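Single-structure report; data block below.
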Amino acid sequence: MNQNHQGYICVIGAVNVDIIASSYVRLIHQDSNPGTVKISYGGVGRNIAENLCRLNQKVELITVLGDDYHADEISDQCEELGISLKHSLKVKDEHSSMYICINDEKGEMQIAVSVMEVYDELTPAFFETKLDVINGASAVIMDLNLSAAAVKYLCNHVKAPIFVDPVSTRKALKIKPCLKNVYAIKPNRMEAELILGRKIKTDEEILSAAQRFLDLGVKRVFISLAEKGVCYADRNESGFVRVQKSKVVNTTGCGDAFMAGSVVGFVQDKSIRECAEMGQRASRICLSDDKAVSPKMNLKEVEGE
């Protein structure tokens with residue numbers, strides 16, 4: 001077990017109410033379209049936390065909820081899964097974070113609206129009151145749905161190893177000024193390009209980009225390459241873990257699964273390549289399921305047994 005291990009992993013990030021509408025037929029704009037509507041609870045932070053719980057880890061999830069019906073449902077679901085929310089914030093007269101998406105008849109997203117202003121409530125002053133629990137963790141996973149001020153505060157005050165999920169190209173730049181205080185980062189190729197300000201195409205350029213993250217102070221780098229696998233690098237080794245062929249049912253949540261698997265490898269004192277392999281195995285389990293977090297996620301398979 002990692003020498004810093006205190007028995008739990010702290011995840012700081014988003015919990016969303018996902019409302020996904022899919023049309024049966026070609027969408028007609030400015031009209032009513034027959035189809036289906038599904039409501040589920042997701043968000044990068046929540047999904048990573050659930051994956052960790054399914055991998056037999058104790059998890060403290062620090063997020064923010066409104067005082068609506070969905071907040072109660074999220075709390076009940078997290079309790080059932082074993083995700084602790086006791087250090088999260090609940091804001092009166094606010095709605096929980098929502099993501100509303102409309103898909104066409106092919107299942108491809110045509111338009112979406114996110115309502116995430118509630119995360120502005122996760123201020124540096126709030127996190128100051130949570131530093132003891134955050135710093136007591138064996139690892140801290142932070143997604144960049146937080147404000148830039150919150151990201152900066154956490155990077156400057158958290159002593160436990162910080163693992164960063166950039167979430168999207170729009171949010172990735174929040175971490176650029178703080179890279180020297182980040183233990184590990186998991187960008188995809190586009191996010192890495194934006195953070196580093198360079199194009200990344202060839203394997204040589206990908207390895208060079210990973211080295212640049214190390215030069216900027218990051219200790220471990222995992223650059224997600226979608227169907228081509230992942231590039232990994234630290235001061236001791238670098239390389240690629242390629243994707244094994246498998247049936248693709250769903251790609252949503254694969255990055256969250258990878259993060260969970262790789263962090264479990266970290267707390268087990270695995271090498272960076274072993275962590276990348278564990279992340280890829282977790283991602284492959286997610287890939288074969290229609291849910292963002294697969295109920296089939298399990299430690300034995302992720303460890304390669």
Cβ-defined net charge surrounding Tyr24, 13 Å radius [Lys, Arg +1; Asp, Glu -1]: 0
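For Leu214 and Glu117, calculate 0.36 nm times their separation in residues minus their Cα-Cα distance, and state this gained length in nm to one decimal.
Details: separation 97, 0.36 × 97 = 34.92 nm, distance 3.28 nm.
Using 0.36 nm per residue and subtracting the Cα-Cα distance, I get 31.6 nm.
Please report the net charge: other residues with Cβ closer than 13 Å to the Cβ of Ser75, K and R +1, D and E -1.
Details: positive: Arg46, Lys86, Lys90; negative: Asp67, Asp68, Asp72, Glu73, Asp76, Glu79, Glu80.
Within the 13 Å Cβ shell, the charges total -4.
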Net charge dipole size for segment 71-133 [Lys, Arg +1 and Asp, Glu -1 on Cβ; Debye, nearest 20]: 180 debye
Stretchable slack from Asp93 to Ile39, in nm (0.36 nm times residue separation minus alpha-carbon distance): 17.3 nm
For Gly35, residues with placed amide H under 5 Å, excluding near neighbours: Tyr24
Positive-end extreme of charge dipole, the chain - chosen from Leu287, Leu85, Ile175 (charges on Cβ): Ile175
FRET E, pair Gln244, Ser271, Förster distance 22 Å, beta-carbon r, rounded to 0.05: 0.70
Scattering curve values for segment 167-252, log₁₀ I(q)/I(0), Debye with Cα scatterers, q = 0.21, 0.24 Å⁻¹: -0.98, -1.22
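Quick one: dipole size for segment 182-234, taken about the Cα centre, charges +1 on Lys/Arg Cβ and -1 on Asp/Glu Cβ, in debye to the nearest 20. Let's see the in-between values first.
Working: 9 positive and 8 negative charges, 22 e Å.
Here segment 182-234 has a charge dipole of around 100 debye.
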Overall dimensions of segment 61-154 by Cα: Rg and Dmax, Å: 15.3, 49
Per residue, the convex hull volume that the Cα atoms of segment 90-221 enclose (Å³): 136 Å³
Using alpha carbons only: equivalent-ellipsoid semi-axes of the chain, gyration tensor based, whole Å: 28, 24, 19
Backbone N under 16 Å from the Glu305 label point (7 Å along Cα→Cβ), restricted to segment 31-56: 54-56
Label-zone membership for segment 39-69, site Asp76, 7 angstrom Cα→C-beta point, backbone N under 13 Å: 69
Sum of -39500 (n - 2.57) over DSSP H runs of 4+, divided by residues of the chain (222 nm, nearest 500): -9500 deg cm²/dmol
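What is the extension gain from Thr202 to Cys101, computed as 0.36 nm multiplied by their sequence separation minus the C-alpha to C-alpha distance, in nm to one decimal?
Details: separation 101, 0.36 × 101 = 36.36 nm, distance 3.35 nm.
My answer for the length gained is 33.0 nm.
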Among Met259, Val44, Tyr8 the positive-end extreme of the charge dipole of the chain (Cβ point charges): Met259
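List the relative contact order of the chain as a percent without decimals, with contacts defined as Cα pairs under 8 Å and 6+ residues apart.
On the way: 667 pairs, mean separation 49.6, N = 305.
Worked out over the chain, it gives 16 percent.
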Unit charges on C-beta of K, R, D, E only; dipole of the chain, Debye: 1160 debye
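Ordered by packing density, taken as the mean number of other Cβ atoms within 10 Å over each peptide's residues, highest first, how do 291-301, 141-151, 123-133 rank?
Values: 291-301: 17.3, 141-151: 22.7, 123-133: 13.7.
In descending order of packing, they fall as 141-151, 291-301, 123-133.
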Charge context of Val59, other residues only, Cβ under 11 angstrom, K/R +1, D/E -1: +1
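Just so you know, all these numbers are worked out from the coordinates, no wet-lab data involved. Quantities reported herein were computed from a predicted structural model and do not represent experimental measurements. As a convention, Cβ positions derive from the backbone with ideal geometry for all residues, glycine included, and neighbour counts pool all protein chains shown.
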